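Novice: Handing you this structure, nothing more for now.
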Amino acid sequence: MKAGELVLLISSDNSYLVEVRREKLHTQDGIFDLSQLLKRRIGGKIKTHLGKEYTIVKPNIADILEKKVRRAPQIIMPKDIGLIIAYTGIQPGSLIVDAGTGSGFLSIFLASYIKPGKVVTYERKKRFLEIARENIKVSGLSRYIKLKLKDVRKGIDEKNVDMVTLDMKDAEKVVKHAYKALKPGGWLVVYSPYIEQVKSVVEEIKKKAFCSLKVVENIVREWQVERSTRPKTIGLMHSGWLTFARKIK
């Protein structure tokens, strides 16, 4: 492996996302000599000074988003992003408009899926845009994501868009712009943290030529399987609502 490369070290009960470099990493399992990674390959092993063994693997986008990306505003959770991909059937090579950018979490995840397509993401707050810019750089997906410092409520520049995703205040004011930007058959997806926004968004959608309108709440419950099997008492189940609509013409 080369210096500066990101790798994931995994064991049966822990994991660390690290950069290959000549330095020590202190952890609860002991000290890693990261310079040893220069002599290893993906799939190889490395031990801490206490003898605990870790396997070296190539990190995927979920690893990078979980362990490396800085989160500023509230993000759309992976469980909801998975639903967006599954319900819309969005494909590699697509053009997506995403607003607001926030920390770039959704843009990064979508870009990793649709490359060599493009995600154009709108954000009106410069401080969030700078956080997103750094996160996108870390993800290695800069060529597939275009950042715009612009209030999307004033309009969308792109045309023949395959999907528009909105995670922002006053999303209902952007529905008309999304309709103009979308190609026939393109999808509008709105994430709403409160039900009042869902109502406002649906009212605006019904004014345009959309079909396949649906509002869903995605609840995921993790279980523990030990001496007794039961749902975990701590976890995130409800996060928000997703509204889907498809442009007809």
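The values are calculated or read from the model by the stated rules, or taken from the named source; none is laboratory data. Just so it is clear, the structure is predicted and the values come from calculations on it, not from any experiment. As a convention, Cβ positions derive from the backbone with ideal geometry for all residues, glycine included, and neighbour counts pool all protein chains shown.
Novice: Would you mention how many residues in the range 5-39 are surrounded by fewer than 16 Cβ atoms within 10 Å (Cβ to Cβ) and touching a Gly at 6+ places or on another chain (Cβ under 9 Å)?
Specialist: Here the count works out to 3.
Novice: Would you pick out the residues in the range 117-132 that are crowded, with 17+ Cβ neighbours inside 10 Å and of a type in the set (D, E, K, R)?
Specialist: Across the range 117-132, the qualifying residues are K118, E123, R124.
Novice: Something else about it: Quick one: count up the residues across the range 213-249 that are over 23 Å from the mean Cα position of the chain (by Cα) and closer than 15 Å to V175 by Cβ.
Specialist: 3
Novice: Sticking with this one: Can you tell me how many residues within the range 83-100 are outside any strand (DSSP E or B) and modelled with pLDDT of 95 or more?
Specialist: 12
Novice: A follow-up question, please. Answer yes if at least one residue in the range 53-60 is charged (D, E, K, R) and part of a helix (DSSP H, G or I), and no otherwise.
Specialist: No, every residue in the range 53-60 fails to be charged (D, E, K, R) and part of a helix (DSSP H, G or I).
To keep it simple, each residue is scored yes or no on (1) among the basic types (K, R); (2) surrounded by 21 or more Cβ atoms within 10 Å (Cβ to Cβ); (3) more than 23 Å from V18 (Cβ to Cβ).
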position: I90; (1), (2), (3): no, yes, yes
position: S112; (1), (2), (3): no, no, no
position: K115; (1), (2), (3): yes, no, yes
position: L141; (1), (2), (3): no, yes, no
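Novice: Now a separate question. Given the conditions (1) free of Cβ contacts under 8 Å to residues at least 40 places away in the same chain; (2) surrounded by 24 or more Cβ atoms within 10 Å (Cβ to Cβ); (3) not basic (K, R), which single one is not true for A86?
Specialist: Every listed condition holds for A86 apart from (2).
Novice: Can I ask one more? Is it fair to say L50 is assigned to a helix (DSSP H, G or I), farther than 30 Å from G186 by Cβ, hydrophobic (A, V, I, L, M, F, W, C) and not assigned by TED's automatic domain parsing to the domain that holds E158?
Specialist: In short, no.
Novice: Checking the condition in contact with a helix residue (DSSP H, G or I) (Cβ under 7 Å, 6 or more places away or on another chain), in contact (Cβ under 8 Å) with a residue 24 or more places away in the chain, assigned to a loop (DSSP other than H, G, I, E, B) and in the same structural domain as K173 (by TED's automatic domain parsing), which residue from S112, S103 passes?
Specialist: S103
Novice: Select from the range 169-184 the residues that are surrounded by 12 or more Cβ atoms within 10 Å (Cβ to Cβ) and over 15 Å from V120 (Cβ atoms) and list them in ascending order.
Specialist: Listed by number, the residues that qualify are D170, A171, E172, K173, V175, K176, Y179.
Novice: Could you check how many residues of the range 235-249 are of a type outside the set (D, E, K, R) and either at pLDDT 85 or above or crowded, with 19+ Cβ neighbours inside 10 Å (or both)?
Specialist: 8
Novice: Where residues in the range 144-163 are in contact (Cβ under 8 Å) with a residue 24 or more places away in the chain and in a helix (DSSP H, G or I), which of them is nearest to the chain's Cα centre (by Cα)?
Specialist: Restricting to residues being in contact (Cβ under 8 Å) with a residue 24 or more places away in the chain and in a helix (DSSP H, G or I), the top hit is Y144.
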